[in-house]
Structure formats: C-alpha cells, structure tokens
Amino acid sequence: MKLGIIGLPGSGKSTTFEALTQSILPEGHKGENRIGTIQVPDKRLAVLREMYNPKRTIYAQVEYFLPGMLGQKRDQKIWNQVRDCDALIHVVRNFGVYGFEKPRPYHDFQAMDQELIFADLVVVEKKLENIELDRRRDKKTTPQEVSLLNQCLKNLENETPLRKCPDLASAHQLRGYAFLSAKPMLVMFNNEDEDDAIPEAKDLMSTENCTVIRGKLEQELAQMSVEEAEEFLSEFHITASAMDRVIKQSYELLGLVSFFTVVNDEVKAWTVKKQTQAVDAAGVIHTDMQKGFIRAEVVSYEDLMSAGTYPEARKKGSVRLEGKTYEVQDGDIITFRFNV
C-alpha cells in the first residue's frame, strides 16, 4: 500500500510525513522526494509469534511518498510522481503561522482539489485528441473507452473529482490512466498543538473522509523513546499515535483486510481487498499457488485464540476447508494447498 502526501505550500506536509514515518530529514533537504516504509502494527501478529515461536515474523508494510516541490501549480511532471499511489493524504493547514493568512481549511482544500481535477482534465483532453486523430487515420478505437473518457471529461469540466463517480473511478478500462481525482482521499487537518477538533469546513465532514493531526506535536512524539512517548500521549490526551491512526484509517479507506500465514518457521501478514477470493489471495503470495490451487485450510484468529492451539481448534471443528470462491476475512489464518 502506497500513500501519497499532498497539500498546499505551508500546510505541514513534511512535518506530517515525519510524524507518520518517524523519519526526520536534516534542514537543507526539504525539497527532495521522500519515501518512508513502515510496518503495519498488528497485535494479532505479535500473539501468533508468541504461539508459534517462528524464526521470522513479517508485518505488512505501508509506504508513504512525499513528492518534492509539490505546490508548483500546473506542473504535470510533479503530479505524475503521485499517480502510482493507491490513495492520497491531503494535508490541510489549520494552524496559525506568522506572515501567513489565518487558516482557511475549506478554501485550501478546494484549491488543491482543483489542481487534481485540472491535472486529470489535461490527461483526458490529450487522450481524446489522440483518439480523434487515430479515427481520422482509420485506426481502431475502443468505443467503450471513448464513452468513459467523455464521461470523465464532463465531470471534470463541472469541477467534480472522479472519486465522486464510483463507476468511473473503478472502471477497468480507465485503470491505466491512474487519475488523481479518482484516488481515495483522506483529508488531514493539521491543527495547533492544543487543538484536536476537526474544524468547521462547510460540508467536508459529510462528503470526504476527514481526520485531524497535530503535526508538530506528533512529529516530536515520533522522535521519543517508548517510555517518553507514553507519558507524552497521556499528557496531550492522544489515544494512539498518528502512525497507528492513519494506517487504520487508510485500511478502511481502501477497503483492506489482513490475513496470516504460518509456513516454514515464518509468521507473515498479508494485505488484500475485502471480498478477495481465496484463489486470488493465494496469488498474492505466489502465482504458482493460484495456478495450482486445491483448497484453503482456514481458521479465524478469534477461534484460534479461543481454542488455544491449532490442534485444539481442529478438534473443535473451527478449522475449515474452503474452495476457490471463499472470501477471505480479516484475521483469517490460512494454509493454502496447491499442486503445480
């Protein structure tokens, strides 16, 4: 899972990146592209490690990408850096800065959203121009793709981001375009240290996925030891770090679940979309598993914990044999049987 961090200049994107990744960059390098990869915290994996005592425990990972120099308007090269992200975190300033205007969260959100829409509009218009040229040269075109692109054009011209058009955002024929305004978005209001409330920003709370970060405060938290962090969290009434909260919200935003495998002295977490079928989940591990899929041996995390051991769970009938079309559930522990 790769998340791109965007926002207007001065919104606190770098601070937010550092709070989420616990990666502090020295002064003088702030305009560079930055990538931070972190483990997805999962207490269930820690419990399974204690149960199985494997040689290796592998957590799922999240990658955060902060493009350098973002904020230069109308620069397609900069925006293209974000197109391979699975979702966007839009950082919106909600704190005072000397020399800046008072925070205007809704205005700033709209300004950046318009940049996404414009970037997609450029792509759609260019593609439709090329398709028209191909048509005049009697080259084959795809009517369904043209129809979908024209629907995109209409929405973008009406200043409607494509994430508001689920059928277009998920259309298979449009996947290669990686439209920015079609990506799931988490709007993150960057607040003052003492302010943990979502600001009044018209109807954003009802139309977008919104959350709050006290960026500077949580950047400091990311640099502390575990003991210092616990005291800090308590003092500022923070129930979970920004990293933990945003990962959880990102999973919900993208509709993701985790399943686990215990194979060859290795306990590992895997991430798939909700409603992923067992045969496709096997393919996430290895294509041979998918090709030669026979069945999946499944026990839920809760049933395993209730039984105490895997053999006991089997005795209780909690271990099930499932076929290709079984939809993987969050917390499933799966052993895939296959033959190639």
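Each value in this text was obtained by applying a stated rule to the coordinates, not by laboratory testing. Values in this document were obtained by computation on a predicted structure and should not be read as measured data. Note that we place each Cβ from the backbone using ideal geometry, even for glycine, and neighbour counts take in every protein chain shown.
Based on the Cβ-Cβ distance from I131 to K273, what FRET efficiency comes out when R0 is 30 Å, to the nearest 0.05?
Efficiency at R0 = 30 Å is approximately 0.45.
Can you sort L174, L233 by how many other beta carbons sit within 10 Å, fewest first?
L233, L174
Looking at the chain only, what percent of DSSP beta bridges run antiparallel? Nearest 5 please.
Counting DSSP beta bridges with both partners in the chain, the antiparallel share is about 50 percent.
Just to check I understand the Karplus step: with θ = phi - 60° and J = 6.51 cos²θ - 1.76 cosθ + 1.60, what whole-Hz values come out for segment 173-180, glycine and proline as x?
Each residue of segment 173-180 in turn: 5, 9, 4, x, 7, 6, 4, 5 Hz.
Hey, of (i) 168; (ii) 182; (iii) 135, which did the structure itself give for volume of the Cα convex hull per residue in Å³ when calculated?
The calculated read-out lines up with (ii).
So what is the calculated 222 nm ellipticity per residue for the chain, using -39500 (n - 2.57) for each DSSP H run with n of 4 or more, over all residues, to the nearest 500 deg cm²/dmol?
Theoretical 222 nm ellipticity from helices: -11500 deg cm²/dmol.
Near the amide H of C210, under 5 Å away, which other amide H atoms are found, from residues 5 or more places off or on another chain, if H is placed in the peptide plane?
Close amide H contacts, sequence-distant or interchain: V187.
Let me know the charge dipole size of the chain about its Cα centre in debye, to the nearest 20, where only the beta-carbon of Lys, Arg (+1) and Asp, Glu (-1) is charged.
Here the chain has a charge dipole of around 1660 debye.
Take each of the peptides 186-192, 114-120, average the number of other beta-carbon atoms within 10 Å over its residues, and list them starting from the highest.
Final packing ranking: 186-192, 114-120.
So if R0 is 51 Å, what FRET efficiency would N158 and R56 give, r being the distance between their Cβ atoms, rounded to the nearest 0.05?
Once rounded, the FRET efficiency stands at 0.50.
Report the full-extension gain for the segment V97 to K77: residue separation times 0.36 nm, less the Cα-Cα distance, to one decimal in nm.
Stretched out fully, the V97 to K77 stretch lengthens by 4.2 nm.
Please work out how much length the chain gains when fully extended from A111 to T141, using 0.36 nm per residue of separation minus the C-alpha to C-alpha distance, in nm with one decimal.
Extending this stretch completely gives an extra 7.3 nm.
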